[in-house]
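Encoded as structure tokens, the structure appears first; notes follow it.
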Amino acid sequence: MSEIEFDFAKDGPILVKKSEKVEYALCRCGHSTKKPFCSGAHAAAGFKADATKLELK
Ligand code: FES
């Protein structure tokens, strides 16, 4: 069975990983131009958030 991980990057998107490979980068700052995915706009917006991880096994 594959392991799914949600890696909340510091000051950035939620990286959805499957078996350690990044499948998607989801926006969590609200400024993306290609929602629900991260467009990189978080940096210019000055988005700040802590890093954390959530693993589903
Ligand atoms: S987290 Fe990257 S654009 Fe929102």
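Derivation of every value follows stated rules applied to the coordinates shown; laboratory data play no part. Note that the structure is predicted; figures quoted are calculated from it, not measured. With ideal geometry, Cβ positions are generated from the backbone for all residues, glycine too; neighbour counts draw on all protein chains shown.
At-a-glance table
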read-out	value
Residue match in region 3-18 (condition: in contact (Cβ under 8 Å) with a residue 24 or more places away in the chain and small (Gly, Ala, Ser))	yes
Qualifying position, being touching a residue at least 12 places away in the same chain (Cβ under 8 Å), more than 14 Å from the ligand (Cβ to nearest atom) and over 11 Å from the mean Cα position of the chain (by Cα), among LYS21, LYS57	LYS57
Conditions (1) in contact (Cβ under 8 Å) with a residue 12 or more places away in the chain; (2) of a type outside the set (Gly, Ala, Ser); (3) in contact with a Lys or Arg (Cβ under 7 Å, 6 or more places away or on another chain): number failed by CYS38	(3)
Number of positions in region 9-57 that are in a strand (DSSP E or B) and surrounded by fewer than 17 Cβ atoms within 10 Å (Cβ to Cβ)	14
